[in-house]
Amino acid sequence: MTSALDMTSALADAPSLEALRGALDPLDFMAGWNKHEPSLWKEPRTRYKPALWRWADAKAGLDAAGRLINAEQAERRNLFMVNPLEGNHYDTLRTLVSAYQMILPGEEARTHRHSPNALRLVLECAEDCFTIVDGVRIDMRPGDVLLTPGMCWHGHGNQGKRPGYWIDYLDVPLVHLIEPMFFDHWDGGLQAASSASRDNPWVYPLAAQLERLKSAAPDPFGRLRVELGAPAMPTTGLYMEKLAAGTAGRPLRATENQIFTAVSGAGSTRIAGQTFEWRRGDTFCIPSWHGFSHEAREASVLFCVSDYPVQSKLGFFRIENLPSA
Ligand code: 1HN
């Protein structure tokens, strides 16, 4: 065993850079001039890839899962949208994850709470499919955006006659990155609802957003969009964007990570030279600083989930127009 004193003198007496490097290594110092890779680069680069997941595929997969696993066994019957980046098994993008979820008639998805902020976009459900957030029952309606801010208790139930389907979006990868994760189960399955209300800050019905979009003016990048909340949750910005049939948006790029789901219509989005075709329910992701532009074949509404609030609060956010995507 080399003593601490010996290690210090090996440093002090190092006859060459090579020897100095050898003496620094056991002390867990790395000489800045010996970096394995640069730690700074000229502009954002990410290993996350643009990708698209089809609602028709998700639905077929969830229906099969409905035959094969119940909500109790699964905890949540969901299909994560995993970025096709080598070695990745979870994240949709660096800060966000999204998943399609289904609950069968008669099922309960038990109540829990966690640090990550969550929200859902309801795709399909009949009456009597609901979520319970901190004891408030919220009946789900297609097109709703329903919030579950960090550490709010939440569970789901379906007392209707048809399965309920929605998409969950969470900032779990951001929480993994900065590590303040907490997670608890509610004792006794699904928390009982002490009240029922759709008139609260956790509910954004689609009809209200469509009404706001009617009088929305284009933003400085030519986008016709409204924000849900300001922001909806501390880490997560939510937007509904309207695209007229046969129109293309201006190409742009931004440092934010964005997940889009088509709420209605059909079209395509060009992302860094690749074209992704989408229709209602499909979801695609745009990693940081990838140029993109949407093109609507039919009149369309896109829902956007973004880490803009994080980037903006920290002073990192940038956005710019591009000549092409
Ligand atoms: C979660 O709590 C739900 O409550 C859905 O329905 C998806 C994905 C990652 C972590 C927690 C839910 C989730 C999730």
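The values are calculated or read from the model by the stated rules, or taken from the named source; none is laboratory data. Just so it is clear, the structure is predicted and the values come from calculations on it, not from any experiment. Positions of Cβ are generated from backbone atoms using ideal geometry, with glycine treated the same way; all protein chains shown enter the neighbour counts.
Within the set 70, 78, the sole residue that is within 16 Å of the ligand (Cβ to nearest atom), surrounded by 11 or more Cβ atoms within 10 Å (Cβ to Cβ) and under 30 Å from residue 269 (Cα atoms) turns out to be 78. A single member of 121, 93 is more than 10 Å from the ligand (Cβ to nearest atom) and either assigned to a strand (DSSP E or B) or at pLDDT below 95 (or both), and it is 121. Please verify whether region 104-117 includes one or more residues that are of a type in the set (A, V, I, L, M) and either within 21 Å of residue 94 (Cβ to Cβ) or touching a Cys at 6+ places or on another chain (Cβ under 9 Å) (or both). The answer is no; no qualifying residue exists. Could you count how many residues in region 166-194 are among the hydroxyl-bearing types (Ser, Thr, Tyr), away from the ligand (no atom under 12 Å from the Cβ) and surrounded by 11 or more Cβ atoms within 10 Å (Cβ to Cβ)? Selection size over region 166-194: 0.
One residue is enough: does region 265-282 have a residue meeting the conditions more than 13 Å from residue 325 (Cβ to Cβ), of a type in the set (Val, Ile, Thr) and either touching a Phe, Trp or Tyr at 6+ places or on another chain (Cβ under 9 Å) or surrounded by fewer than 22 Cβ atoms within 10 Å (Cβ to Cβ) (or both)? The answer is no, given that none of the residues of region 265-282 is more than 13 Å from residue 325 (Cβ to Cβ), of a type in the set (Val, Ile, Thr) and either touching a Phe, Trp or Tyr at 6+ places or on another chain (Cβ under 9 Å) or surrounded by fewer than 22 Cβ atoms within 10 Å (Cβ to Cβ) (or both). Checking 100, 169 one by one, the residue that is touching a strand residue (DSSP E or B) at 6+ places or on another chain (Cβ under 6 Å), closer than 19 Å to residue 65 by Cβ and outside any loop (DSSP other than H, G, I, E, B) is 100 and no other. Residue-level check: of (1) surrounded by fewer than 21 Cβ atoms within 10 Å (Cβ to Cβ); (2) in a strand (DSSP E or B); (3) among the small types (Gly, Ala, Ser), residue 324 misses just (2).
Just a yes or no: is a residue in region 69-78 among the small types (Gly, Ala, Ser), touching a helix residue (DSSP H, G or I) at 6+ places or on another chain (Cβ under 9 Å) and without any contact (Cβ under 8 Å) to a residue 40 or more places away in the chain? So far as region 69-78 goes, yes, one or more of its residues are among the small types (Gly, Ala, Ser), touching a helix residue (DSSP H, G or I) at 6+ places or on another chain (Cβ under 9 Å) and without any contact (Cβ under 8 Å) to a residue 40 or more places away in the chain. Would you check if residue 34 is touching a residue at least 24 places away in the same chain (Cβ under 8 Å) and among the polar types (S, T, N, Q)? Taking the combined requirement at face value, the residue does not satisfy it. For region 103-118, the tally of residues that are more than 10 Å from the ligand (Cβ to nearest atom) and assigned to a loop (DSSP other than H, G, I, E, B) stands at 6. Screening region 141-162 for residues that are of a type in the set (S, T, N, Q) and part of a strand (DSSP E or B) and picking the one that is farthest from the ligand (Cβ to nearest atom) gives 158. A search for C-beta distances below 7 Å between a residue of region 239-250 that is part of a loop (DSSP other than H, G, I, E, B) and any residue that is at pLDDT 95 or above and aromatic (Phe, Trp, Tyr), counting only pairs 6+ apart in sequence or on different chains, returns 250/221.
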